[in-house]
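Worksheet: one structure, shown below.
The values are calculated or read from the model by the stated rules, or taken from the named source; none is laboratory data. These numbers come from a predicted model, not from an experiment. Cβ coordinates were reconstructed from backbone atoms using ideal geometry, including for glycine residues, and neighbour counts include every protein chain displayed. Protein only, heavy atoms only, side chains kept; ligands, DNA and RNA dropped before computing areas. Shrake-Rupley method; radii C 1.70, N 1.55, O 1.52, S 1.80 Å.
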Amino acid sequence: MKKYKVAIVGATGMVGREFIKVLEQRDFPASSLQLLASNRSIGRKLLVKNKEIEVQETVPESFKGIDIALFSAGAEISRYFSPIAAQSGAVVVDNSSAFRMVNSVPLVVPEINPEDISRHRGIIANPNCSTIQMVVAIYPLHQVNPIKRIIATTYQAVSGTGSAAVDELTTQAKQVLDGQNTIPHVYPHQIAFNVLPEIDVFLDNGYTKEEWKMVEETKKIMHADDIAISATCARVPVYTGHSMAVNLEFSQPMSPDEARRILAQAPGVKVVDEPVISLYPQPWSVAGTDEVFVGRIRVDTSHPNGLVMWIVADNLRKGAALNTVQIAEELIEREWVHPREAANERTRAIVNSDDNPLQQRRGD
Ligand SMILES: NC(=O)c1ccc[n+]([C@@H]2O[C@H](COP(=O)([O-])OP(=O)(O)OC[C@H]3O[C@@H](n4cnc5c(N)ncnc54)[C@H](OP(=O)(O)O)[C@@H]3O)[C@@H](O)[C@H]2O)c1
């Protein structure tokens, strides 16, 4: 079996370390693994298959000879280094928001639109964590009975913000229990024992950028521009595992039993739905797993064609690292890791086109 030279940008971060775990667990066909981060991590060593690998600073030369580069170091780093990596001949799978809404960049959830990967020009985008888990759960239903409207409310874990936020929750929780004052650094307010209805920056329309990502990315992944979507995203004091309540309006009525039957067969989905014995998905039990868990499926009594459900997934795995590695696996399986020259051609096209992401400073 052919093996590939792989680089991870942001290898020391929450998602980067999960990349390493997922690559190991899935026995990804890597002939070498290059661990890249900022100059703060030079000399740091990470364990990969029981061997220590030294982390290196990310520089333009880092991508020489690399076949597949997995990026998770924030949008600014992706905007700068992804085109360089792609021009060096690597296929980039990018976990940041930098390229997701660029027309010529596929935005992929392998259970839904793997065929979109074929039109990549050297960069493929991994969607936002909340969007991924929602579309994995609702797309199988949409295929049977087209969805017309979605109302989603999320309860998102602090690991979605990165290592500093996880540390902040621990520190603040101890401070509160010790009767001390807390000083927020990562979030605008204390996160311990609190809920913040603010994820990413506020836009002129009153939504946050996280909420707007769910609107735009869902339509792009599902190829469904007509679906009406409204989202409210909140940060909760949970380490790992995003939860969401989702109201769906279908074209025709759908019973909860029919939805359970469809979802029981759906790739990447696990139905956990026995409310009488308090069985439903929770972030604590879902952390560390790969599936998207669905429960509390019931009729939305406010609409004749409505259903409500509760969806939970590990934001670091299916919401980030696992989905990214699955995209890389599809690339390999479908032989879309193209020869170096072809990749250069495609990347030149993206760098020269009107939707060149380097010219779109969108924020993370
Ligand atoms: N966490 C999630 O659930 C999730 C889900 C989807 C998408 N994402 C996205 O993934 C990205 C990273 O998230 P994270 O949670 O892993 O954050 P994190 O824990 O804060 O880690 C950030 C990583 O980026 C690296 N980095 C920072 N500045 C750099 C530079 N100048 N050059 C190269 N590397 C640099 C850091 O390296 P050092 O250690 O050297 O500073 C570290 O490896 C973000 O874009 C985030 O939006 C996260």
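Structure notes:
- Qualifying residue in region 77-96 (condition: of a type in the set (D, E, K, R) and either open to solvent by 10 Å² or more (accessible area, probe 1.4 Å) or within 17 Å of Glu211 (Cα to Cα) (or both)): no
- So Lys213, is it open to solvent by less than 50 Å² (accessible area, probe 1.4 Å), outside any loop (DSSP other than H, G, I, E, B) and among the basic types (Lys, Arg): yes
- When region 210-247 is filtered for residues that are under 15 Å from the mean Cα position of the chain (by Cα) and among the charged types (D, E, K, R), the ones remaining, listed by number, are Glu210, Glu211, Lys213, Glu216, Glu217, Lys220.
- Ile84 being farther than 18 Å from Glu329 by Cβ, within 13 Å of the ligand (Cβ to nearest atom) and modelled with pLDDT of 95 or more: yes
- Residue in region 261-270 that is touching a residue at least 24 places away in the same chain (Cβ under 8 Å), on the phi < 0 side of the Ramachandran plot and out of contact with any Leu (no Cβ under 9 Å at 6 or more places or on another chain) present: yes
- Any chance Met222 is within 14 Å of Ala152 (Cβ to Cβ), in contact (Cβ under 8 Å) with a residue 12 or more places away in the chain and not hydroxyl-bearing (Ser, Thr, Tyr): yes
- On inspection, Met244 passes the criterion of being under 26 Å from Pro114 (Cβ atoms), part of a strand (DSSP E or B) and at pLDDT 95 or above.
- Qualifying positions in region 87-106 - touching an Asp or Glu at 6+ places or on another chain (Cβ under 7 Å) and within 15 Å of the ligand (Cβ to nearest atom): Ser96, Ser97, Arg100, Met101
- Filter result for the condition that a residue is out of contact with any Ser or Thr (no Cβ under 9 Å at 6 or more places or on another chain), open to solvent by 70 Å² or more (accessible area, probe 1.4 Å) and at pLDDT 95 or above, over Lys5, Lys64, Lys51: Lys51
- The one condition from (1) crowded, with 24+ Cβ neighbours inside 10 Å; (2) away from the ligand (no atom under 11 Å from the Cβ); (3) more than 18 Å from Val269 (Cα to Cα) that Glu168 does not meet is (1).
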